[in-house]
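Each remark here refers to the structure printed beneath this line.
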Amino acid sequence: MADYDIFELGDVVLQSGMTLRDAKLAYKTYGTLNHQRNNAILFPTFYGGQHAQNEPLIGPGMALDPQSYFIIVPNMFGNGLSSSPSNTPPPYDRARFPPVTLYDNVQCQQRLITEKFGVDRLALVAGHSMGAQQTFHWGALFPDRVERILPWCGSAKTSRHNFVFLEGVKAALTADDAWQNGWYEKPPTKGLRALSRVYAGWVVSQAFYREECYLQMGAASLEDFLVLQEGRRIHSDANNLLAMLWSWQNADISANSIYNGDVVKALGAIQAKAIVMPSRTDLYFPPEDNEWEVRHMPHAACRPIPSIWGHMAGSPGVNPDDTAFIDRALKELLAS
C-alpha cells in the first residue's frame, strides 16, 4: 500500500511550452488542518529524495510537529512518485519527458494547497537543497501567501559553478554505453556508479574526509563509504535523475514573466520573514551565495550551519547535530 496520495492536475502547460499530460503530484500530509486553515506548512523534497527522506524533521516535539501543524510534503516532478520519466506513459516517457522547471513545480503545488485543502496562506515553507530552491520560489512567486521561509543548503538561482558541477554528474552517467540516449533496455549501472563517485567528492567537505566522518555513517573505510554512496543511486532511474538535474541546473526565481530575469527584483519581492541557512562547508551552495541573496531580501537573516558535513549537513536525519541545529532554527522562526 502506498503511504502517499495523488493530486490529479490534468494537462499542465509547462514553461517550456510542452504539455505534461495527465500530470500527477504525489504528496503526503502529517497532522490535521485546523478550522482557520492557518497551520499549514509546505516541506518540498530534494534531489533524488521522496517524502520519506523528509520525515526525520517531522515528529512530536520537533518544530514540524503534526500535533500543532498540518505539514504537506509534495514530491518533486521527476522523483519517481509524481509524474516522472519512469511512470509517464508514451509518448512522453523516458527520454521524451518534457523539461520541468521549479516554477512549474511550485505552480502545481499552489494548486494542491488551494484546490485540495482550501489553504490561502502558508505558515511556513521550508526545504533542503532543491527543496530550498523551491522554498525561494514560493517566497518570490507568492509573496502574499507565505508568512515565513527557511531554505537551507540551497539558493534562489543555481550558480554557474553549481551548473558546471552538475554537467560532470550528467557526463558520468551518460557515458555508459547502456545509456542509449535515454532509451535503455537495462539500467546504465556503470553510469549510475560513476555518477555516485563524482557526487561523493562534492556532497561533503574536504574536512569531512580529513576527519574520517564517514566512519560515523557505518562505513569501515573510505572505499566502503564510496560503495555505500553507489548503493544510494544504483537503483534509481537514470532518466528520473537527469530530469531532476535539469530542473536543478535551471533553477532561477526570476526566470518568469513576473521578474523577467531580474534576480534582485525577485529577492526584494520576498515578504516572508526568512532565515536562510547555508552549510558553512557546502561545495554546491557556498555561504557567499546566500549572503548575497539575503542582502537583497527585506526580512531575512543568513545563519550558516556550523558543520564540516558539507551539503550533507542539510540532509534530514543524517547527522544528528546538524538536524538539531536546523530544527532549532525552525522552532525560532515559527515562534516569531
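The values are calculated or read from the model by the stated rules, or taken from the named source; none is laboratory data. The structure displayed is predicted, hence computed values, not measured ones. Positions of Cβ are backbone-derived with ideal geometry, glycine not excepted, and every protein chain shown enters the neighbour counts. Accessible surface is based on the protein model in full, side chains and every heavy atom, while ligands, DNA and RNA are left aside. Shrake-Rupley method; radii C 1.70, N 1.55, O 1.52, S 1.80 Å.
Laid out as a table, the results:
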read-out: Full-extension gain in nm, ALA171 to HIS296, via 0.36 nm per residue minus C-alpha separation; value: 41.5 nm
read-out: Solvent accessible area, Å² - LEU173, 1.4 Å probe, full protein context; value: 0 Å²
read-out: Segment 38-119, accessible surface, carbon-and-sulfur percent (1.4 angstrom probe); value: 48 percent
read-out: Sulfur and carbon atoms: percent of accessible area, segment 148-222 [1.4 Å]; value: 52 percent
read-out: Probe 1.4 Å, all protein chains present, accessible-area order of HIS161, HIS235, HIS137, largest first; value: HIS235, HIS161, HIS137
read-out: Whole-Hz ³J(HN,Hα) from phi, Karplus 6.51 cos²θ - 1.76 cosθ + 1.60, for segment 267-279, glycine and proline x; value: 5, x, 7, 6, 9, 5, 5, 9, 10, 9, 10, x, 7
read-out: Within segment 2-35, backbone nitrogen closer than 11 Å to the virtual label 7 Å beyond the Cα of ASN87 toward Cβ; value: 2-7, 24-28
read-out: Shape call, segment 276-336: gyration tensor on alpha carbons, a/c limit 1.5; value: oblate
read-out: Cut-off 15 Å between beta-carbons: net charge of the residues surrounding PHE117, Lys and Arg +1, Asp and Glu -1; value: +2
read-out: Rounded to whole Hz, the Karplus (6.51, -1.76, 1.60) HN-Hα couplings of segment 198-213, x for glycine and proline; value: 4, 4, 5, x, 10, 6, 10, 9, 4, 5, 4, 6, 4, 8, 6, 5
read-out: Zone residues, segment 166-194, relative to ASP22, backbone N less than 16 Å from point 7 Å out along Cα-to-Cβ; value: none
read-out: Paramagnetic reach from LEU215 (point 7 Å along Cα→Cβ, amide N under 14 Å) across segment 299-326; value: none
read-out: Contour minus Cα-Cα distance for LEU222 and ALA335 (0.36 nm per residue); value: 36.5 nm
read-out: From phi via Karplus (6.51, -1.76, 1.60), per-residue ³J(HN,Hα) for segment 92-99 in Hz, x at Gly/Pro; value: 9, 8, 6, 5, 8, 4, x, x
read-out: Helical contribution to [θ] at 222 nm, DSSP H n ≥ 4, -39,500 (n - 2.57), averaged over the chain, rounded to 500; value: -10500 deg cm²/dmol
read-out: Total formal charge among the other residues, if their Cβ is under 11 angstrom from that of TRP309, Lys/Arg +1 and Asp/Glu -1; value: -3
read-out: Distance in nm between pseudo-label sites at HIS35 and ALA324 (7 Å out along the Cβ direction from Cα); value: 3.9 nm
read-out: Overall form of segment 188-286 per C-alpha gyration tensor (a/c, 1.5; a/b vs b/c); value: oblate
read-out: Cα gyration tensor shape of the chain, rounded if a/c is under 1.5, else prolate or oblate by comparing a/b with b/c; value: rounded
read-out: Per residue accessible area in Å² of the chain, where ligands, DNA and RNA are left out and the probe is 1.4 Å; value: 41 Å²
